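Below is one structure, written out as structure tokens; comments come after it.
The values are calculated or read from the model by the stated rules, or taken from the named source; none is laboratory data. As the structure is a computational prediction, the values presented were derived from the model and not from experiment. Here the Cβ positions follow ideal geometry from the backbone for every residue, glycine too, while neighbour counts run over all protein chains shown. Ligands, DNA and RNA are excluded from the accessible area calculation, which covers all protein heavy atoms including side chains. Shrake-Rupley method; radii C 1.70, N 1.55, O 1.52, S 1.80 Å.
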Amino acid sequence: MAPSNPTWWKESVVYQVYWRSFFDADGDGYGDLEGVIRKLDYIRELGVDVIWLNPVYESPDRDNGYDISDYEAVMPKAGTMATWERLLDEVHRRGMKLIMDLVVNHTSDRHPWFLESRSSKDNPKRDWYIWKEPRDGGPPNNWRSYFAPSPWTQDEETGQYYFHSFASEQPDLNWRNPEVREEIYRMMSSWLDKGIDGFRLDAIALLAKPDGFPDAERPEDIRYLTNNPGLHDYLREMNERVLSRYDIVTVGEAAFVTPAEGLKFVGEDRRELNMLFHFEVCDEMASWDMRRFKDIQRRWYEGLWGKGTNSQFLNNHDHTRQVTRYGNDGRYRVQSAKLLATMLHTLPGVPYIYQGEEIGMTGVRFGAIEDYDDIAMRNRYAEEVDKGADPAETLARLAPLSRDNSRTPMQWDGSPNAGFTEGKPWIRVNPNYADINAAKDLADPDSVYRYYQSLISLRRTHDVMVYGDFAEWPERRGDEHLYVYERTLDGRRWLIVLNHGDEPARLDRPERLRGLSLRLLLANYPADPAEGEDAMQLQPHEARIYEVETNRN
Ligand code: TEU
């Protein structure tokens, strides 16, 4: 297949900073922008190119900054605009780039636009949000929202309902209204004019709503919230009016898309966005399922390669840490964290690292609902317990996928609160911080952090990892633990071998590889000097990257 056009952002590795849990410089228990500045060398040393900063805008903070009440101000918990500007300078000074997380599907219910909109039916901003009359005295349709039993909340003042894809404190903007779009584009340009390097666009597949909001046959399947007609017109307009005017990178959050639909967001000839996060893995694989994962990778490769760019990730601030959810966070934690990293950095697409992943941080189990902060978890718990579910059973069922699993503070060292804060942390620290922390990893040449450094530097120096075609070994396609694939570019040939299982495994070399020499470039176990020519003996969670001798060599 045709390799894609070389571009800086395709060659990048992105590091996600969930600032409120990163480093607290002022002792109020929340991470902050000053804290990010102090830890920039740590991030830079890893070798990453781009930082994705979770929302820092003014917000009542009901959904951790995803409920914005002023797009052009910084929330005091994070710091001031002056600190943010210093952060941008310091990121650039270190040769990195900064992308901002932006939420344009909805605002906070405290945003002045919404306060005006809700004030009366004839307010000029009424149509900036989505208002409907009740149906039979109840909500206008039978849908669910992401975070609530209904996406409709009735406003006492006028008796009408407003629409919210997420919590009731997050009313959706009405993208059909050209004034709304104008104002959003103006705001986006003002951030870009400050010199940022792009956006991660939150919930971007939700912008368009269907005509008339028809009832759903299966209300529990919330796909109706996404990918509605008109969406791509908005994205093209946004690109034309704003994005195309800057040398930036954009990544859109797009749940529930097939590769064919995904291509509509990122097709290079379509002029919409650069990359997307599809959630096929996170949404459909509660735990690891190798065959399914391979199938997902294959379909997305076939759908996008040469035409648009994919993202590689298994966790973020909404999804339980990868080594706990998909790997082994017990005996083989270190090996497993390295294997998952190897996989994400060698599969086609741009790798995203979520803070703490680079030291193999794990998920957490809190004993009481009060210890959970996540609005999605708390609302769901309340709904189920209200309906009569057993509280302990509900907590145990919701805990493994609670978003708080990935939101516990960054574990810097073995001092109290993991060195994250000198105050009381806004969310409890994972009790395993004495064992798992950055100071330990930095002191250990075999640590997960050091492995990430090697992996990223390999990617920086070998474009076969970025632009190489991808092919699985067909004889291992059905294997539930082994994942074996090659990347090839201009006569260079790399082989990646992964044993994602708790048992050792043997991998025979197929005929086509017999006699060719393999040069080991990186592995998460020491090489076995006794290993024969024809078969590899793989340890549990072993990962290897080889360069295969080719005729060119
Ligand atoms: O998440 C929105 C969203 O669509 C996710 O719930 C996604 O579908 C899911 O991760 C796939 O399983 C974004 C933010 O990342 C989240 O933190 C916010 O709470 C939400 O938007 C509302 O702004």
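Here's the yes/no breakdown for (1) within 16 Å of the ligand (Cβ to nearest atom); (2) buried (at least 21 other Cβ atoms within 10 Å of the Cβ); (3) assigned by TED's automatic domain parsing to the domain that holds R20; (4) touching a residue at least 12 places away in the same chain (Cβ under 8 Å):
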site	(1), (2), (3), (4)
E90	no, no, yes, yes
M96	no, no, yes, yes
L115	no, no, no, no
D122	no, no, no, no
N142	no, no, no, yes
Y146	yes, no, no, yes
T153	yes, no, no, yes
Q160	no, no, no, yes
Restricting the range 212-222 to residues that are assigned to a loop (DSSP other than H, G, I, E, B) and within 16 Å of the ligand (Cβ to nearest atom), which is most open to solvent (accessible area, probe 1.4 Å)? E220
Inside the range 313-333, can you point out the residues that are touching a helix residue (DSSP H, G or I) at 6+ places or on another chain (Cβ under 6 Å) and either buried (at least 22 other Cβ atoms within 10 Å of the Cβ) or closer than 23 Å to H278 by Cβ (or both)? L314, N315, H317, D318, H319, T320, R321, Q322, V323, G327
Out of everything in the range 470-491 that is out of contact with any Lys or Arg (no Cβ under 7 Å at 6 or more places or on another chain), assigned to a strand (DSSP E or B) and open to solvent by less than 50 Å² (accessible area, probe 1.4 Å), what residue ends up being farthest from E549 (Cα to Cα)? Y485
The correct count of residues that are touching a Leu at 6+ places or on another chain (Cβ under 8 Å) and either within 13 Å of the ligand (Cβ to nearest atom) or part of a loop (DSSP other than H, G, I, E, B) (or both) in the range 54-79 is 4
In the range 455-469, what count of residues is obtained for those that are outside any helix (DSSP H, G or I) and surrounded by fewer than 19 Cβ atoms within 10 Å (Cβ to Cβ)? 3
Going through T324, T309 one at a time, which residue ends up being more than 16 Å from the ligand (Cβ to nearest atom), within 27 Å of F265 (Cα to Cα) and of a type in the set (V, I, T)? T309
Give the residues of the range 22-33 that are of a type in the set (D, E, K, R) and either surrounded by fewer than 18 Cβ atoms within 10 Å (Cβ to Cβ) or in contact (Cβ under 8 Å) with a residue 60 or more places away in the chain (or both), sorted by residue number. D24, D26, D28
Please count how many residues of the range 163-174 are without any contact (Cβ under 8 Å) to a residue 60 or more places away in the chain and either surrounded by 22 or more Cβ atoms within 10 Å (Cβ to Cβ) or over 19 Å from G212 (Cα atoms) (or both). 3
Among R44, R20, the single one that is assigned to a helix (DSSP H, G or I), closer than 26 Å to A73 by Cβ and modelled with pLDDT of 95 or more is R20
Picking from T250, T258, the residue that is surrounded by fewer than 19 Cβ atoms within 10 Å (Cβ to Cβ), within 16 Å of the ligand (Cβ to nearest atom) and of a type outside the set (A, V, I, L, M) would be T258
Exactly one of D390, D413, D435, D404 is within 16 Å of the ligand (Cβ to nearest atom) and either among the charged types (D, E, K, R) or open to solvent by 10 Å² or more (accessible area, probe 1.4 Å) (or both), and that one is D404
Options R200, R186: the member that is open to solvent by 40 Å² or more (accessible area, probe 1.4 Å) and in the same structural domain as L276 (by TED's automatic domain parsing): R186
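Any chance the range 437-448 includes a residue that's in the same structural domain as I43 (by TED's automatic domain parsing), hydroxyl-bearing (S, T, Y) and under 22 Å from the mean Cα position of the chain (by Cα)?
Checked against the condition, which is being in the same structural domain as I43 (by TED's automatic domain parsing), hydroxyl-bearing (S, T, Y) and under 22 Å from the mean Cα position of the chain (by Cα), the range 437-448 yields no hits at all.
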Mind counting the residues in the range 381-427 that are without any contact (Cβ under 8 Å) to a residue 24 or more places away in the chain and either farther than 25 Å from A438 by Cβ or in a loop (DSSP other than H, G, I, E, B) (or both)? 17
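Results for (1) aliphatic (A, V, I, L, M); (2) outside any strand (DSSP E or B); (3) within 15 Å of the ligand (Cβ to nearest atom); (4) over 23 Å from R298 (Cβ atoms), shown as yes or no for each residue.
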| residue | (1), (2), (3), (4) |
| --- | --- |
| A205 | yes, yes, yes, no |
| P210 | no, yes, no, yes |
| Y224 | no, yes, yes, yes |
| L235 | yes, yes, no, yes |
| K264 | no, yes, no, no |
| E272 | no, yes, no, yes |
| L276 | yes, no, yes, no |
Determine, yes or no, whether G137 is open to solvent by 30 Å² or more (accessible area, probe 1.4 Å) and more than 16 Å from the ligand (Cβ to nearest atom). yes
Expected output for the range 494-506 (first residue small (G, A, S), partner not in a loop (DSSP other than H, G, I, E, B), Cβ below 9 Å, 6+ apart or cross-chain) is G501/M290; G501/L482; G501/L538; A505/L482; A505/N499; A505/M536; A505/Q537; A505/L538
